[in-house]
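Below: the structure, in structure tokens.
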Amino acid sequence: EKQLLNHADNKEQRPLPGRSNHAGNLSQSEKKLQEAICVLLVELCERFTFFGIVCNMILFCTVKLGYRNYQAAIVNMCFVGTSMLTPVLVGWLAECLVGRIKLVCICMFLHFLGTALLPVVAFPFEDIYIDRRHILHTLTKREQKIVFYFALLTASLGIGGIRAIVCPLSAYNLEDCGPKELLSFFNWFYWLINLNSAVVFVSISYIQQSVARNLGFLIPFVSGLMGMITIHMVRGEMIYKPKTDSSLLTTFGVIASALKTCCMRYRYFNGGVTNWLDHAKENYGGQYSETQVESTKSLARLFPLFAFQILYRTCIMQIPSGYYLQTMNSNLHFGGFVLPVAAMNVISIVPLLILVPVLECINSCLFSSKDAGHSPTIYIVVGQLSAALSVMVAGFSEIHRKHFPQVEQTLSEEVLLVSSMPCFHLAPQYVLLGVAEALVTPSCSLLAFRLVPERIRGISMHFLTLFNGAGCFMGAFFVQTAHAGTQGNWFPHLLHEGKLERFFFFLGSLMMVNTLGFWTIAHRYNILNQEYTNEFRGILPEEKLLKHEKAIKHYDSVLESSPILSPMEKT
């Protein structure tokens, strides 16, 4: 009755058809278009800033700060991992402790502060003179490192706030999209991000390395400033407010309550339930509702999928660490021109930029709008296999690189002894990792988004981000362990004196086992994906209305024919 009354009120309040109605619709559509463009611009500006910091961090740490190779790789991977984990932390703070508008202002300030402090570390103060005799200012190595770490921490916190509050996936209104539309969105979303990163790796890396290497960190500062101006222009309309019916704390609370109740019952009187998470339900002595527990159960089914992404993300993190060191110690001269080290990352991006349009054309030509095409698990298995092969190829490329004589090469005004092997010999390993990223990341995001109820889709994406961040820290742990356990032999400072290829072979072997492990459980997600696809086919508006009418008629017939109800209850 309330719905009918509201529907009638809406009819009475509708304006007469004419110019005003058309103008209202036009302004509403223009507003939505403006919001979508602003969100996308902020996303691109934030990624521009992020990739600008990451692209030459190893070169900066080794040449400017005097770090060893393994230390620079660990710093780079930890920064990437922290930038992945901070959106989850900031999202929780926005839900529970601090208001979203206040928190986004704090994160904007932190982002500005971090990107402004990085030039302080990078700028050559020793080259600035009051006159020919006096130096204006200098920073010691210790002060540079303190400012550098503080800048990275504040920048990562700011990046987390922008990703979590301003640019969450929920802001793109994906709730009513079918499987094919979702896969298309994730494909083009990551395509745009990688196109942006390709521009960054070519332009900023060249500026940082060759033209004005110490002014290179000013570009992330300018890019972050652009993003903050965009946020400020439309902050009222851009700040997305998610539904508050579920949260990350609720999910962790359900798991903790189930474990606590499960341990108590196992210890004392062994209650029989079909799933261990059912112990968190109020009916079984827990403190959470049926809906909250069932949502957590559907999310828990994705934990194996997320766990198999940890080692995959560790392999992807070899691009800004192990592969970067290989390229830095190879011949970068090409036709009288010295290539930027980070420009080789573009080779890993090109397969993604090519494969996404090709896959979109195949899906649009071969499959209908209701079909999702091939199962996403197939793409994940093939992509993880490609990542394993890439790391193996990197090991053989390292052996091949050592067979070339050493030559002198100048990078950032420092003369280094490097292999005379052209850096393009490393292209196959970059291409294989690019193919892996084009296949795995959109497909895994699709499964994490689709295979859970709508109310916890944001939480599911948070968990995927947590496991990806864990993969970055796992890569840093592997580098530290390999260097300490082999006394620097597996991850050496001078590559021609160590055995970096053994580290790659070890990581490739683990990735092969990881791929086989995921392949053994992939059928579970094929079944779930098919169930959700069939469910989507059956929830068209006409079919939902018919089911609703049939349910009402059946309910009325039960009320009329039920002998249990008294005449007073029937009336």
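The values are calculated or read from the model by the stated rules, or taken from the named source; none is laboratory data. Not measured: the values here are computed from a predicted model. Quick reminder, even Gly has a Cβ in these numbers, built from the backbone with ideal geometry, and neighbours come from all protein chains shown. These accessible areas exclude ligands, DNA and RNA; they are computed on the full protein's heavy atoms, side chains included. Shrake-Rupley method; radii C 1.70, N 1.55, O 1.52, S 1.80 Å.
Kindly establish whether ASN331 is among the polar types (S, T, N, Q), under 14 Å from GLU437 (Cβ atoms), out of contact with any Leu (no Cβ under 7 Å at 6 or more places or on another chain) and open to solvent by less than 40 Å² (accessible area, probe 1.4 Å). In short, no. None of VAL393, VAL435, VAL407 is out of contact with any Ser or Thr (no Cβ under 9 Å at 6 or more places or on another chain) and among the β-branched types (Val, Ile, Thr) except VAL393. When PHE404 is tested against the conditions (1) more than 18 Å from SER184 (Cβ to Cβ); (2) under 29 Å from the mean Cα position of the chain (by Cα); (3) assigned to a loop (DSSP other than H, G, I, E, B), the lone failure is (2). Taking region 365-381 as the range and being exposed (fewer than 14 other Cβ atoms within 10 Å of the Cβ) and either modelled with pLDDT under 55 or assigned to a loop (DSSP other than H, G, I, E, B) (or both) as the test, the residues that pass are SER368, SER369, LYS370.
Tell me yes or no: at least one residue of region 284-293 is among the polar types (S, T, N, Q), modelled with pLDDT of 85 or more and touching a Ser or Thr at 6+ places or on another chain (Cβ under 9 Å). Break it down into steps so the answer makes sense when it comes.
Applying the first criterion (among the polar types (S, T, N, Q)) to region 284-293 yields 287, 289, 291-292.
Add one more test, that the residue is modelled with pLDDT of 85 or more, and what stays is none.
Scanning region 284-293, I find no residue that is among the polar types (S, T, N, Q), modelled with pLDDT of 85 or more and touching a Ser or Thr at 6+ places or on another chain (Cβ under 9 Å), so the answer is no.
Each row is one residue, and each column tells you yes or no for (1) under 17 Å from the mean Cα position of the chain (by Cα); (2) of a type outside the set (Lys, Arg); (3) under 30 Å from GLY66 (Cβ atoms).
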residue: VAL431; (1), (2), (3): no, yes, no
residue: GLU437; (1), (2), (3): yes, yes, no
residue: ARG457; (1), (2), (3): yes, no, no
residue: LEU466; (1), (2), (3): yes, yes, no
residue: PHE518; (1), (2), (3): no, yes, no
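If you filter region 181-207 down to residues that are open to solvent by less than 10 Å² (accessible area, probe 1.4 Å) and small (Gly, Ala, Ser), you find that the one that is modelled with the lowest pLDDT is SER205.
Hey, any hits in region 337-350 for a residue that's over 22 Å from VAL199 (Cα atoms), in a loop (DSSP other than H, G, I, E, B), touching a Leu at 6+ places or on another chain (Cβ under 9 Å) and open to solvent by less than 20 Å² (accessible area, probe 1.4 Å)?
Here is the first cut: in region 337-350, the ones over 22 Å from VAL199 (Cα atoms) are none.
No: region 337-350 contains no residue that is over 22 Å from VAL199 (Cα atoms), in a loop (DSSP other than H, G, I, E, B), touching a Leu at 6+ places or on another chain (Cβ under 9 Å) and open to solvent by less than 20 Å² (accessible area, probe 1.4 Å).
Residues that are assigned to a helix (DSSP H, G or I), within 30 Å of GLY488 (Cα to Cα) and open to solvent by 30 Å² or more (accessible area, probe 1.4 Å) are absent from region 96-105.
Out of ILE319, ILE354, one residue alone is out of contact with any Cys (no Cβ under 9 Å at 6 or more places or on another chain) and in a helix (DSSP H, G or I). It is ILE354. I'd like to check something: does region 423-432 contain any residue that is at negative phi, at pLDDT 90 or above, in contact with a Cys (Cβ under 9 Å, 6 or more places away or on another chain) and buried (at least 20 other Cβ atoms within 10 Å of the Cβ)? No - not one qualifying residue is present in region 423-432.
Every residue in region 57-85 that is open to solvent by less than 10 Å² (accessible area, probe 1.4 Å) and polar (S, T, N, Q), please. Residues satisfying the conditions are ASN69, ASN76, SER83. Please go through region 387-405 and pick out each residue that is over 20 Å from ILE347 (Cα atoms) and β-branched (Val, Ile, Thr). Correct list: ILE399 only. Scanning region 387-411 for residues that are open to solvent by 10 Å² or more (accessible area, probe 1.4 Å) and among the hydroxyl-bearing types (Ser, Thr, Tyr) returns SER397, THR410. Conditions first: (1) open to solvent by less than 60 Å² (accessible area, probe 1.4 Å); (2) in contact with a strand residue (DSSP E or B) (Cβ under 7 Å, 6 or more places away or on another chain). LEU500 passes all but one, so which condition is the exception? So LEU500 meets the others, but not (2).
Test THR481 against the stated conditions and say whether it is polar (S, T, N, Q), part of a helix (DSSP H, G or I) and surrounded by fewer than 22 Cβ atoms within 10 Å (Cβ to Cβ). For THR481, the condition - polar (S, T, N, Q), part of a helix (DSSP H, G or I) and surrounded by fewer than 22 Cβ atoms within 10 Å (Cβ to Cβ) - is met. Selection of first residues in region 275-289 that are part of a strand (DSSP E or B) and open to solvent by 20 Å² or more (accessible area, probe 1.4 Å) and of second residues that are hydrophobic (A, V, I, L, M, F, W, C) and at pLDDT 75 or above, restricted to Cβ pairs under 9 Å at least 6 apart or on distinct chains, gives the following pairs, ordered by first then second residue: TYR288/VAL254; TYR288/ALA258; TYR288/ALA280.
Of everything listed in (1) open to solvent by 60 Å² or more (accessible area, probe 1.4 Å); (2) out of contact with any strand residue (DSSP E or B) (no Cβ under 9 Å at 6 or more places or on another chain); (3) not in a helix (DSSP H, G or I), the single unmet condition for VAL452 is (1).
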